[in-house]
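Chemist: I'd like to ask you about the structure that follows.
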Amino acid sequence: MKTLEIPVVKLPKETEELRREIRQFLKEEIENGLIETKCDCWLSGFSEDFSRKMGARGWIGMTWPKKYGGGERSSVERYVVTEEMLAAGAPVSGHWIADRQTGPLLLKYGTGEQKQFFLPRIAKGECYFAIGLSEPNAGSDLAALQARAVKVDKGWILNGSKIWTSGAHHAHYSIVLCRTTPMDPNNRHAGMSQLIVDLNAPGVTIRPIHLMTGEHHFNEVFFEDVFVPDGMVVGTLGNGWAQGMAELAYERSGPERILSTFPLLNELTNVLIEKGDTKGLNKVSRLISRLWTLRNMSLGIARLLEEGVPSNIIASLVKDMGTQFEQEIPEITRLLVSAIPSTDSENRLERFLAQSILQSPGFTLRGGTTEILRGIVAKGVINQ
Amino acid sequence: MKTLEIPVVKLPKETEELRREIRQFLKEEIENGLIETKCDCWLSGFSEDFSRKMGARGWIGMTWPKKYGGGERSSVERYVVTEEMLAAGAPVSGHWIADRQTGPLLLKYGTGEQKQFFLPRIAKGECYFAIGLSEPNAGSDLAALQARAVKVDKGWILNGSKIWTSGAHHAHYSIVLCRTTPMDPNNRHAGMSQLIVDLNAPGVTIRPIHLMTGEHHFNEVFFEDVFVPDGMVVGTLGNGWAQGMAELAYERSGPERILSTFPLLNELTNVLIEKGDTKGLNKVSRLISRLWTLRNMSLGIARLLEEGVPSNIIASLVKDMGTQFEQEIPEITRLLVSAIPSTDSENRLERFLAQSILQSPGFTLRGGTTEILRGIVAKGVINQ
Amino acid sequence: MSEMKEMILESAAKIFEKYSTKEVVNDAEKGQWAAELWENLEAYGMLGVGVPEELGGSGGDLDDALSILQMAGKYSAPIPLAETFIANWLLSDLGESIIEGIVTIPGQNSSEPFQLQKSGQGWIINGKAKYVPWARNAEKLLVPGESIDGTVLLVLPLEKAEIKPGKNMAGEARDEVIFDQVYIEECKTVSVDYSALTKKLYYAGALTRSVLMAGAIERVLDVTINHTNERSQFGRPIHRFQAIQHHLAALAGETAGAGIAAKYAVDAFGTNPFSKELAYAKIRINEAAGKVNTIAHQVLAAIGFTYEHTLHHSTRRLWSWREEFGTESDWEQVITEELLKLEKNELWSVITGVVNHAKKVGIQ
Amino acid sequence: MSEMKEMILESAAKIFEKYSTKEVVNDAEKGQWAAELWENLEAYGMLGVGVPEELGGSGGDLDDALSILQMAGKYSAPIPLAETFIANWLLSDLGESIIEGIVTIPGQNSSEPFQLQKSGQGWIINGKAKYVPWARNAEKLLVPGESIDGTVLLVLPLEKAEIKPGKNMAGEARDEVIFDQVYIEECKTVSVDYSALTKKLYYAGALTRSVLMAGAIERVLDVTINHTNERSQFGRPIHRFQAIQHHLAALAGETAGAGIAAKYAVDAFGTNPFSKELAYAKIRINEAAGKVNTIAHQVLAAIGFTYEHTLHHSTRRLWSWREEFGTESDWEQVITEELLKLEKNELWSVITGVVNHAKKVGIQ
């Protein structure tokens, strides 16, 4: 079945050097106590300093044109940086969305000014973006969104609110999907636009949503008569839905859908090797085989996306399977070792285990729930 | 939640003696080469001789009134007989349906003549019944059935066909659910009746449906102008749907939804103990814990049914969970031992493994698919 | 259900409903002792249920006590009720009166016996216990001890102990208790066999966690069903979606399974405190806990993942409790050791509890 | 895809379509040799793909050969194509010409080397091989052998062998071959290292089963999707039910996973016949096989469970093949042995194939 075909990607030799460079950098950061390994670091590991250092090394906006501060490197090299960071549990959440989503969006749809202004700042690791998609009471039904902007002289007046906005309290801007013409119940996807909203603008209120762990990563963002200049409209007015949905393929098949709990798997492997626990390592072997497969799928899709091949179905598939895999790691780990999971523990395994267990419900919810993804995949293969 | 409450059943001391009696009997039958242990024996283990012997010992129709050949024993004692037979993989398929379903149905709805005629024969293990419910193209949508009977002098003329009729080629009669008034699309459940059809009557054709294993257990049964005397209508004309559905609770929570692959689990345990394989036995321990739970649920429902407490929801639950459990046993087994599953193997474990693997798809289909059951359970708990 | 039991449960329900509210549970996580909850349970005699009146209890049977505990699990009650019950059982089994006030026991079977040294009228105590539920709030700690006269069950006052605060994943207090050359004037000791005592603590601990979890699972089911009734998506209540229905069915199955497993464990514990049914139950309920949490969070989606919602009161407790007093692996190993003693084809005898030919099998 | 490859695959597809029909597969199960299928593949040079022409092959590369094999898996082709390919690889790797006619190899790594004794112009052969695919139809058997000169790769004519018929769960011929003091005039022998040879047989066997399974899984997906389009229930095509959609999504996931795993395994085998990627692939595809079968049978319900339907051609093969040349457990053990040699924090190096600081890790 063509829809499910994924190419084999051979990583070029040069990427090996890149990996070693990253690992050396990370080793020093960790040894100097500047960063700390965490599970689910792309949501919960934040460091302005670290983001700036990554920018300085050219590891943000890697594939973008040099004139916008990018590195004009291949998507495979970008992939390598991303997965090395995740495997090490490095604090990458600050620039994550801007690098993964905002950059490509602006490159595709942004005006010259937008590109000129935002991309170099993002690439330096100094300018963060937040996603402005979900709304209260809309849940998975994104098309039900109600935020609206009304045309005024030289710009738009935005009202409404967004929810589950990760990192909004750190971010400088948000790409807000809103209605620029009133909702048509017969075509709920029409009349939406994407606006770049300055989160420091008057009328913007950011309210933390504490997770059940007590941590603060998510926010509710309120827009009350926020003025958005004309120059901050992304792409075509009314085309926001299509533009927003195109982002999703980037979001769904990346290594962050596979590796969120990798630090735990690594630590588990350490412990089992030390104990010489072959039965436990048998389980790890099974997980490696699954990870190997998922990573190859994810790499193949990165290649397809680079080539412009539509990959929404297969990307949805990888997200579904990858996040299940992420969730399985803590469940398998706890049965192989004696550990009392605790976020305060001095024992790495116990700490990673607690982080993984407590964050794991989010894996299969964020960026499209399992239920939504399976619907997409099923419809995709039926219509073959 | 009341719907999910199940009582604790303490098996009376007397049942221990009963168990020993059964085990002694089975031991002799096996040692004398008269029967052979098989997985899924209640579908695929057939022996007229064995059924007759069970009848002679009073192990069929155990709870029925003595005047109808029953033993007036408790439902718990009946449960004990049933589960002992299944655990041993004994050839009980001949009388299975008649004992489990037809007897209780006739006791509840049958005429005096029907009870007088059929029950003693069933209890002797000499008269078998087949279920006449599913039809071609109806699948899980039982209410779509089309078999119909038209009134004539002194009886009915039946036309139509039934499918997936297990054991019809051995059975003497079938309880056929059919329309005695034409289908009303707005009330598809109305106008159905249950008829006792003599499978040797003119106009009845039984065509084998071979399973993918090549075995013959299922049939398609065709009725072409089959005359059914008035005396063979069960219960109230037009009440067939309700009568038929009431049977289902008996069908769904019995030990045959838990123990179909028990002979394999037993053999696996033997092998692992012999090897002193503690990690393997850890897995068995987990399965035992699950089996213990399921059996306690099943026993509790048997008690509820005896007391007349509606238990359709919880019975559906047990069927769903029990059949998943039955399916898991071969999947776990094959990873714990070195074996080449084969129905021809001289090694018991390899033989049971092949039987279990090849029959296992049926477990979660027969008697209500997993999908249907989950719908019933969900609606049941939502409407609390 | 007996009238007595019904009365007890009704009173307990009222107390939990009133004093184990969302706010109380959240405050407890921040370190606030749920004093009103505890005091009311005490005032109504709930803490002494299951212990004969002549030993200071309030009557009723084991089953009554564990029904109260299951309710405590359902209401996420942030108090050492399980620990108090275990202390009661241990003492009353030895014919000793139970202790007034807030009592706790070590939460894992890891602590070495505390050392007692006679010193003048009193004792010098040395010892460490990790992961002690609510040690910071408790007045007494019940632990195995050792003096030159042998091993004892020791009831220690906690005023002079050093307490290092800790918590489990649910934010429940799990503190470290350190006695470093602490002089104590009075302390109750009862001679016991050390290994029997620690085994008893472990099995009783597992029973309490099983029952607490069965209660928490009930709550998760209730919360989830309510959510599917109230929440709409794509224009209809989400329980109309087949995927949600399948989640609910699986959840109901785990709830029913955990419920019956807890019931049988309670029943078995009454006649044999080391019954293998306790192992089966802890395994099965642990297993249920993981599944239930996954399903409930999936159904409630983002909202159930917030601190604001109460779902996590139950789910975080379930994640924590399944690790306390034995994981699935730990208890599997207990069963395995018995299985290894079995003769051929005796598995069915183990399941049914009826051995062939009146012969004894290894497993009890 | 190269033009050459496209051509090969197109021809192969035509042959399988025409000669590996439902009837041929069913007849094969009853013992009928699929002669037309074999002869056509032979006539079109398909059997020699992947072997240089100078060694009797028809050119093309390994990838081409395995693409044909995947198609054979998809069409449930009841012939020893995998065995022929393995024989080809072993011989051509040794610089030997490949063998004409129907060749097979032992289907499990269990057989002891066959014993050769020089006798006049010929040899006396003793040995047993179990579970040999289509031995009853094959002309030659390729096995490890042993003579006083050492271990050899041995190509034995089968006319004089005793063949005890057997079958796997799919009804594919898996026979026992017995040479009991059989005199043979001519038989090809090539000196080889015994353990290298058996390891090669095992790894190559696993590769072929992985690829066959990937093909069979594709077929299962196709059949299942078609069914959900054609079958209606409660008044609508069943693919409209969310539960069915979830089944399809899971099935698609396993299919994609198995497909990519097979591709990478083929790729890896070309450069290293003992690559750990073969282990990963066999594990992952075995795992997929079980899931795929469960899902497909659940979706197709009773109809897919009958002999009349063709679903079982694929599912029974999947159940059989996952046991051949290593279960998940067997291959996990192979990986485990390499993991045990790892230093701390080197797991990621294993996954990426890039060691830190240009240092070698144990696993290759």
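Chemist: Just to verify a result, which residue in the stretch D:228-239, among those that are among the polar types (S, T, N, Q), free of Cβ contacts under 8 Å to residues at least 12 places away in the same chain and facing another protein chain (nearest Cβ under 8 Å), is farthest from A:I382 (Cα to Cα)? Write out each step before concluding.
Modeler: Within the stretch D:228-239, the first condition is being among the polar types (S, T, N, Q), and the residues that meet it are D:228-229, D:232-233.
Applying the additional criterion that residues be free of Cβ contacts under 8 Å to residues at least 12 places away in the same chain yields D:229, D:232-233.
After this cut, where a residue has to be facing another protein chain (nearest Cβ under 8 Å) as well, the list is D:229, D:233.
Values: D:N229: 8, D:Q233: 17 Å.
Step by step, filter the stretch D:228-239, then rank; the result is D:Q233.
Chemist: I'd like the residue in the stretch D:187-210 that is outside any helix (DSSP H, G or I) and among the hydroxyl-bearing types (S, T, Y) and, out of all such residues, is farthest from D:S275 (Cα to Cα).
Modeler: Quick first cut of the stretch D:187-210, residues outside any helix (DSSP H, G or I) only: D:187-193.
With the extra rule that they be among the hydroxyl-bearing types (S, T, Y), the set shrinks to D:189, D:191.
Numbers: D:T189: 27, D:S191: 24 Å.
Among those that are outside any helix (DSSP H, G or I) and among the hydroxyl-bearing types (S, T, Y), it is D:T189.
Chemist: Shifting gears a bit: Might you check whether a residue that is in contact (Cβ under 8 Å) with a residue 40 or more places away in the chain, in a loop (DSSP other than H, G, I, E, B) and in contact with a Phe, Trp or Tyr (Cβ under 7 Å, 6 or more places away or on another chain) occurs anywhere in the stretch C:284-293? Even if it seems obvious, please write down each step before you answer.
Modeler: We begin by selecting, within the stretch C:284-293, every residue in contact (Cβ under 8 Å) with a residue 40 or more places away in the chain; these are C:285-289, C:291-293.
Of the ones still in play, those that are also in a loop (DSSP other than H, G, I, E, B) are none.
No - not one qualifying residue is present in the stretch C:284-293.
Chemist: Taking D:E343 as the residue in question, decide whether it is of a type outside the set (K, R), surrounded by fewer than 24 Cβ atoms within 10 Å (Cβ to Cβ), more than 10 Å from chain B (Cβ to nearest Cβ) and outside any helix (DSSP H, G or I).
Modeler: Working: of a type outside the set (K, R): yes; surrounded by fewer than 24 Cβ atoms within 10 Å (Cβ to Cβ): yes; more than 10 Å from chain B (Cβ to nearest Cβ): yes; outside any helix (DSSP H, G or I): yes.
Here the answer is yes, as D:E343 does meet what is asked.
Chemist: Name the residues in the stretch C:220-242 that are within 11 Å of C:I295 (Cα to Cα) and hydrophobic (A, V, I, L, M, F, W, C), would you? Can you show your working first?
Modeler: To start, the set of residues in the stretch C:220-242 that are within 11 Å of C:I295 (Cα to Cα) comprises C:220-221, C:224.
Residues satisfying the conditions are C:V220, C:L221.
Chemist: Could you tell me which of the residues D:K160, D:K167 is open to solvent by 20 Å² or more (accessible area, probe 1.4 Å) and under 19 Å from B:A354 (Cα atoms)?
Modeler: Details: D:K160 fails: under 19 Å from B:A354 (Cα atoms).
Only one candidate qualifies: D:K167.
Chemist: How many residues does the stretch D:307-317 contain that are within 7 Å of chain B (Cβ to nearest Cβ) and within 23 Å of the chain's Cα centre (by Cα)?
Modeler: 2
Chemist: Can you find, within the stretch A:334-358, the residue that is modelled with the lowest pLDDT among those that are among the polar types (S, T, N, Q) and within 25 Å of the chain's Cα centre (by Cα)? Show your work before the answer.
Modeler: Our first condition is that a residue be among the polar types (S, T, N, Q); within the stretch A:334-358, this holds for A:338, A:342-343, A:345, A:347, A:355-356.
Right, trim to within 25 Å of the chain's Cα centre (by Cα) and you get A:343, A:355-356.
Details: A:T343: 91, A:Q355: 95, A:S356: 97.
Across the stretch A:334-358, the extreme among qualifying residues is A:T343.
Chemist: Next up: Do we have B:I131 as in contact (Cβ under 8 Å) with a residue 24 or more places away in the chain, within 17 Å of the chain's Cα centre (by Cα) and farther than 21 Å from B:S260 by Cα here? Don't jump to the end; show me each part of the working.
Modeler: Working: in contact (Cβ under 8 Å) with a residue 24 or more places away in the chain: yes; within 17 Å of the chain's Cα centre (by Cα): yes; farther than 21 Å from B:S260 by Cα: no.
So B:I131 does not fit the description; no.
Chemist: Quick test for you: out of B:P263, B:P255, B:P229, pick the one residue that is more than 14 Å from chain D (Cβ to nearest Cβ) and surrounded by fewer than 18 Cβ atoms within 10 Å (Cβ to Cβ).
Modeler: B:P229
Chemist: For the stretch D:178-187, what are the residues that are open to solvent by 60 Å² or more (accessible area, probe 1.4 Å) and in contact (Cβ under 8 Å) with a residue 60 or more places away in the chain?
Modeler: Across the stretch D:178-187, the qualifying residues are D:Y183, D:E185, D:E186.
Chemist: Mind checking which residues of the stretch D:328-340 are open to solvent by less than 10 Å² (accessible area, probe 1.4 Å) and among the polar types (S, T, N, Q)? Give the derivation first.
Modeler: First, the residues of the stretch D:328-340 that are open to solvent by less than 10 Å² (accessible area, probe 1.4 Å): D:328, D:331, D:335-336, D:339.
Correct list: D:T336 only.
Chemist: What helices (runs of 4 or more DSSP H) completely inside the stretch B:64-148 contain at least 1 residues that are open to solvent by 40 Å² or more (accessible area, probe 1.4 Å)?
Modeler: In the stretch B:64-148, B:75-88, B:103-109, B:112-123 are the helices (runs of 4 or more DSSP H) which contain 1 or more residues that are open to solvent by 40 Å² or more (accessible area, probe 1.4 Å).
Chemist: Which count do you get for residues in the stretch A:146-175 that are within 13 Å of another protein chain (Cβ to nearest Cβ) and more than 30 Å from A:A56 (Cβ to Cβ)?
Modeler: Within the stretch A:146-175, the first condition is being within 13 Å of another protein chain (Cβ to nearest Cβ), and the residues that meet it are A:162-166.
Filter again for more than 30 Å from A:A56 (Cβ to Cβ), leaving A:162-164.
Number of matching residues: 3.
Chemist: Next question. For the stretch C:273-311, name all the residues that are open to solvent by 20 Å² or more (accessible area, probe 1.4 Å) and not β-branched (V, I, T).
Modeler: At the first step, the residues of the stretch C:273-311 found to be open to solvent by 20 Å² or more (accessible area, probe 1.4 Å) are C:273-274, C:276-277, C:291, C:294-295, C:298, C:301-303, C:307-310.
Selection gives C:P273, C:F274, C:K276, C:E277, C:K291, C:Q298, C:A301, C:A302, C:Y307, C:E308, C:H309.
Chemist: A further question follows. Looking at the stretch D:292-306 only, could you name the residues that are facing chain B (nearest Cβ under 8 Å), more than 22 Å from the chain's Cα centre (by Cα) and not hydroxyl-bearing (S, T, Y)?
Modeler: D:H297, D:Q298, D:A301, D:A302, D:G304, D:F305 - these are the residues of the stretch D:292-306 that are facing chain B (nearest Cβ under 8 Å), more than 22 Å from the chain's Cα centre (by Cα) and not hydroxyl-bearing (S, T, Y).
Chemist: Within the set of pairs 6+ apart or on separate chains, which have a first residue in the stretch B:136-152 that is under 22 Å from D:G304 (Cα atoms), a second that is among the acidic types (D, E) and surrounded by 14 or more Cβ atoms within 10 Å (Cβ to Cβ), and C-beta atoms under 9 Å apart?
Modeler: From residues that are under 22 Å from D:G304 (Cα atoms), the pairs are B:P136/B:E220; B:S140/B:E371; B:L142/B:E135; B:A144/B:E135; B:L145/B:E135.
Chemist: From the list C:A77, C:A65, C:A82, C:A129, which one is of a type in the set (G, A, S), more than 13 Å from the chain's Cα centre (by Cα) and either crowded, with 24+ Cβ neighbours inside 10 Å or closer than 18 Å to C:K167 by Cβ (or both)? First the steps, then the outcome.
Modeler: Working: C:A77 fails: more than 13 Å from the chain's Cα centre (by Cα); C:A65 fails: more than 13 Å from the chain's Cα centre (by Cα); C:A82 fails: more than 13 Å from the chain's Cα centre (by Cα).
One residue alone meets the criteria, C:A129.
Chemist: Out of the residues in the stretch C:240-253 that are surrounded by fewer than 23 Cβ atoms within 10 Å (Cβ to Cβ) and more than 7 Å from every other protein chain (Cβ to nearest Cβ), state the one that is modelled with the lowest pLDDT.
Modeler: For the stretch C:240-253, the residue satisfying everything is C:R240.
Chemist: Based on this model, can you work out whether B:G61 counts as part of a loop (DSSP other than H, G, I, E, B), away from every other protein chain (no Cβ under 14 Å), buried (at least 21 other Cβ atoms within 10 Å of the Cβ) and under 21 Å from the mean Cα position of the chain (by Cα)? Walk me through how you get there before you give the answer.
Modeler: Working: part of a loop (DSSP other than H, G, I, E, B): yes; away from every other protein chain (no Cβ under 14 Å): yes; buried (at least 21 other Cβ atoms within 10 Å of the Cβ): yes; under 21 Å from the mean Cα position of the chain (by Cα): yes.
So B:G61 passes the test.
Chemist: Same structure, new question: Look at D:A289 and say whether it is hydrophobic (A, V, I, L, M, F, W, C), over 20 Å from A:L272 (Cβ atoms) and modelled with pLDDT under 95.
Modeler: Working: hydrophobic (A, V, I, L, M, F, W, C): yes; over 20 Å from A:L272 (Cβ atoms): yes; modelled with pLDDT under 95: no.
Taking the combined requirement at face value, the residue does not satisfy it.
Chemist: Filter the stretch B:268-318 down to the residues that are aliphatic (A, V, I, L, M) and facing chain C (nearest Cβ under 7 Å), then identify the one that is nearest to B:I6 (Cα to Cα). Show your work before the answer.
Modeler: Within the stretch B:268-318, the first condition is being aliphatic (A, V, I, L, M), and the residues that meet it are B:268, B:271-273, B:281, B:284, B:287-288, B:291, B:294, B:297, B:299, B:301-302, B:304-305, B:309, B:313-315, B:317-318.
Checking the rest, the ones that are also facing chain C (nearest Cβ under 7 Å) come to B:273, B:281, B:284, B:288, B:291, B:297, B:314, B:317.
Numbers: B:I273: 34, B:L281: 29, B:V284: 25, B:I288: 20, B:L291: 16, B:M297: 7, B:I314: 8, B:L317: 12 Å.
By that ranking, first place goes to B:M297.
Chemist: Out of the stretch B:149-171, which residues are in a loop (DSSP other than H, G, I, E, B) and open to solvent by 30 Å² or more (accessible area, probe 1.4 Å)?
Modeler: B:D153, B:K154, B:W164, B:S166, B:H169, B:H170
Chemist: Tell me, please, whether a residue that is within 14 Å of chain A (Cβ to nearest Cβ), modelled with pLDDT of 95 or more and assigned to a helix (DSSP H, G or I) can be found in the stretch C:258-273. Explain how you work it out, then say what you get.
Modeler: Residues of the stretch C:258-273 that are within 14 Å of chain A (Cβ to nearest Cβ), as a first pass: none.
So far as the stretch C:258-273 goes, no, none of its residues is within 14 Å of chain A (Cβ to nearest Cβ), modelled with pLDDT of 95 or more and assigned to a helix (DSSP H, G or I).
Chemist: From the list C:A279, C:A289, C:A262, which one is of a type in the set (A, V, I, L, M), under 18 Å from the mean Cα position of the chain (by Cα) and farther than 27 Å from C:T21 by Cβ?
Modeler: Working: C:A289 fails: farther than 27 Å from C:T21 by Cβ; C:A262 fails: farther than 27 Å from C:T21 by Cβ.
Of the residues listed, the single one that is of a type in the set (A, V, I, L, M), under 18 Å from the mean Cα position of the chain (by Cα) and farther than 27 Å from C:T21 by Cβ is C:A279.
Chemist: B:V221 versus (1) more than 13 Å from chain D (Cβ to nearest Cβ); (2) closer than 22 Å to D:I303 by Cβ; (3) open to solvent by 50 Å² or more (accessible area, probe 1.4 Å): which is the lone unmet condition?
Modeler: (3)
Chemist: Kindly list the number of the only condition in (1) in contact with a Lys or Arg (Cβ under 8 Å, 6 or more places away or on another chain); (2) at pLDDT 95 or above; (3) not acidic (D, E) that fails for A:S253.
Modeler: Condition (2) is where A:S253 drops out.
Chemist: Further question on the same structure: Would you check which residues across the stretch C:299-317 are touching a helix residue (DSSP H, G or I) at 6+ places or on another chain (Cβ under 6 Å) and assigned to a helix (DSSP H, G or I) and list them?
Modeler: C:V299, C:L300, C:G304, C:F305, C:L311, C:H313, C:S314, C:T315, C:R317 - these are the residues of the stretch C:299-317 that are touching a helix residue (DSSP H, G or I) at 6+ places or on another chain (Cβ under 6 Å) and assigned to a helix (DSSP H, G or I).
Chemist: Hey, can you tell me all the residues within the stretch C:36-54 that are in contact with a Phe, Trp or Tyr (Cβ under 9 Å, 6 or more places away or on another chain), open to solvent by less than 40 Å² (accessible area, probe 1.4 Å) and in a helix (DSSP H, G or I)?
Modeler: Initially, the stretch C:36-54 is screened for residues in contact with a Phe, Trp or Tyr (Cβ under 9 Å, 6 or more places away or on another chain), giving C:36-41, C:47, C:49-51.
Imposing the further condition that a residue be open to solvent by less than 40 Å² (accessible area, probe 1.4 Å) reduces the set to C:37-38, C:40-41, C:47, C:49-51.
Passing the criteria: C:L37, C:W38, C:N40, C:L41, C:L47.
The values are calculated or read from the model by the stated rules, or taken from the named source; none is laboratory data. Given the structure is predicted, the values throughout are model-derived calculations rather than measurements. Neighbour counts run over all protein chains shown; Cβ positions are idealised from the backbone, glycine included. Only protein heavy atoms, including side chains, enter the accessible area calculation; ligands, DNA and RNA are left aside. Shrake-Rupley method; radii C 1.70, N 1.55, O 1.52, S 1.80 Å.
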